[in-house]
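The values are calculated or read from the model by the stated rules, or taken from the named source; none is laboratory data. Not measured: the values here are computed from a predicted model. Cβ coordinates were reconstructed from backbone atoms using ideal geometry, including for glycine residues, and neighbour counts include every protein chain displayed. Heads up: the accessible areas ignore ligands, DNA and RNA and are worked out on the full protein's heavy atoms, side chains in. Shrake-Rupley method; radii C 1.70, N 1.55, O 1.52, S 1.80 Å.
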Amino acid sequence: MSDNEVEKFEISDYDLENEFSTQRPGRRQTKEQQIYGVWAQESGDEEEGEPEPMVIPLPRVRVLRGGLNFVSGGIQQSSKKGDKDKKEGSDEESESELAPRPMFGAGADSSDEETTVKIQKPAAFVSKKSSDYSSHASSSKPRDIAGLRRGGAPGGGKTGLLGSGMADWEKYTSGIGSKLLKKMGFEEGKGLGKNLQGISTPVEASKRKGKGAIGFYGSERTDRSLKDFPVHDSDEEDKEKFKELLQQWKKTGSKKKIKYIYKSAEEVIQEGKTKKLKPTDDSHITKTKVIDMTGPETRVLSSYHAIAGQKNFVDEYEEDKKKKYEHFDLPELLHNLQILLENCEDDIVRNARTLERENDRIVHLNHEREKYELLVEREKKELDSLDQSLVLVESLETRHKEQTLSLSEATAIFTELKSDYLKIYNTYEIPYLAPTYVTPLLKELLSTWNPLAHPTAHKEIFATWQQLVDLGGNQHQQPDTNVPLDPYHHLVWETWTAAVRSTVMGPWEPRDCGPLLAVLEAWNYPLVPVWIQGHLLQHVILPRITRAVHNWNPLQDTVPIHTWLHPWLPLLVDHLQSVYPVIRQKLSAALVHWHPNDRSAKMVLQPWKRVFSEIAMTTLIQSNIQPKLESALVEMAINPHNQNLDPWHWFLDWDDLLPTQVSLDILERCFFPRWYQALATWLSANPPHPDVIAWYKGWRDLMPKSVANHLQIRQKFQQALEVCSRALSYQPGASDQFSLLLAGLDKLSEPPPPPPLGSPPRQRSKDWADIISSARRETLSMREVVERRCLERGIVFVPIPDRKHEARPVYRCGKLNISFNKNIIYVQTERGWMPKSLTTLLDDA
């Protein structure tokens, strides 16, 4: 539409007159339509009457701004004319038809009226139903179409466009479509569009045979679509040429082309990869009755595979009804041939699948064969190894029975078994044979061995057998358990342990501990298991030490006990607790007639300071040392003019052993009262204050270092200075000097400053560790409490060797036998072991 065209859309008088009319324009209403109006039904009587002309309203004339002019389009009223009239006007009409005509040109006549063209329906139109109109109209004889007259072609023939059936529908129209197509360059027999790729056939719908999905029944393309859109494929073209060559032997070509499809076995197999085949042997499922209730009616099927092959009988009937057969077609034969063809294809696919399955099975069997061949070869090698190892074991057994087996030969056989047949050596537990064959040989070897003289002898032999038969058994295993001993442990237990036990129980002297310690150090773990060492220490060595302690006499033995007992502390640190009370008792008995001027007592007690517990050591000193020192200080004469300090030096010698509280008690009770008395006597004689100050400083410097700065000692000296200051205040300068001395004591009495912030943390942690350890040492067990109370009362308290109650040691407390369980004291009575309190025990003992 150009920019100057204007189309009117207002309502005309014709629209108002026919707005409620249901009748098409140009058609007369029937009597029934006149009576019932829109509720009238169309009757077939109209088809029996005379044909009515079809009224086709022409489109409204477009209004142009420059005016409307009409040009004749060559439209002729439909009328019945003979072929003669058509031929006479064909030349002129064809020229007018082919000449280009301006539509609504600028000089055309203007008119607002609507023009209708009446075309007479052909006779065949009224004799058929409206549904068959298109087929009969296309098959009827072509008639003259307005605007496209049947003029002769330049060659005298018919127009190709109409004769081909493409534009047969234009005989009922003005023929403007064909003219416009020709003006736009359309050529007969070619496609539409610029590249001639268009079609003139509308899209057709085809009814599917059954109720399946798209493509279930094969291709749904019609013959006409295949003709308009052929499959351009080289293979298809070759097949078509081959089919045409098959028909060349006939004299005349057949109207019906026979289509042959050839498939090779490979194609059938390729197509049948996903195909579901019917079971060949369905005897196990043919007896199964299947009830199908998926449809409108319940049906009974013979087997499960019949479900997939069932069809709708209505669809099958309609499909058979639509099929058309020729005169010599045999549907039954074609059906049977089709079944045979399908069975043949199924057999091919089934055989291909069977072949593939068998090939896979062959591959699998080959793999299994190779695997079992390797297994057989390995088993054969193992059997050979078993035979050879059995020969070695039999030779070992034979020589053992004949008593011709030597230790070197046994070592060589076990070495060969382990190096060459390691798997058999470990699987069949051959190391457990070693105790049977090697134990007698090792006993014979160790029968002449003196461990104390040669502690490292035969060590290499045991190291070799450890590598051969040691299975890494439990290091804390006991020989009396139900679990079999490790072979190497068994060897050591039967040979080495027996040799060392006989030595300890025989010539070994506990006071000569060095050789035996050298033996234990040389034969330590892993050469000797831990549990064997523990057994020797607890059950062999400790009883000998305990017996030696009981036989020890500190007054007669020249060798101190700590020289041969303390070396066992790393090995028997917990087990020696049973001999400590015996040692303290013997020491107490030896110190009964001791005098402080004998310094040998300190040499005996000094090594036990860190061995005994703090309470036990304090009790021992308070009972035996403190009374002797107190007597010595009491007997010491304090004379400012001629002082004898020997007893004081005896007291100072025990400063590092005496606890602080014991030293303070001795000074408080035995020294300071007599010292005050001597000072007062001297001050009554008005001595010169320099002599008094010198005497005071002398005694202050003689104080023990452990208590020199103690608060209690400073208070004693402060009281002495105050007395001296008051007594000698009349002397010139005395008050000032005593004041200076008092000021010095006040500085000493001030608490020490806190440690600096920059002090290393290790020092602080060490101090705290000392505090914590001392606090822990102050916690007493019930045994220590009883021991302390017995020492205070003079009651004998010693352990009884080789005597236990419920795996706990038994002690002699006076005339009673007691035992401890945690913090409970058990006393042996006529009724058995009964618990008692500490007070009752001390009274009865």
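Values for this structure:
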quantity	calculated
Ordering of 425-437, 348-360 by burial proxy (mean other Cβ atoms within 10 Å per residue, highest first)	425-437, 348-360
Cross-link table K381/K418; K586/K628; K602/K628; K628/K697; K227/K322; K209/K324, entries beyond 19 Å C-alpha to C-alpha	K628/K697; K227/K322
Peptides 374-384, 642-652 ordered by average Cβ neighbours within 10 Å, highest first	642-652, 374-384
Accessible area (Å², 1.4 Å probe, nearest 10) - I413	20
Among 176-184, 561-569, the order from most to least packed when residues are scored by Cβ within 10 Å on average	561-569, 176-184
Local electrostatic count at L365 - Lys and Arg +1, Asp and Glu -1, tallied over other residues with Cβ under 11 Å	-1
Under 11 Å, Cβ to Cβ, from I261 - net charge with Lys/Arg +1 and Asp/Glu -1	+3
Net charge over other residues, Cβ less than 10 angstrom from the Cβ of P529 (K, R count +1; D, E count -1)	-2
Percent carbon-and-sulfur accessible area, segment 794-845, ignoring ligands, DNA and RNA, probe 1.4 Å	48
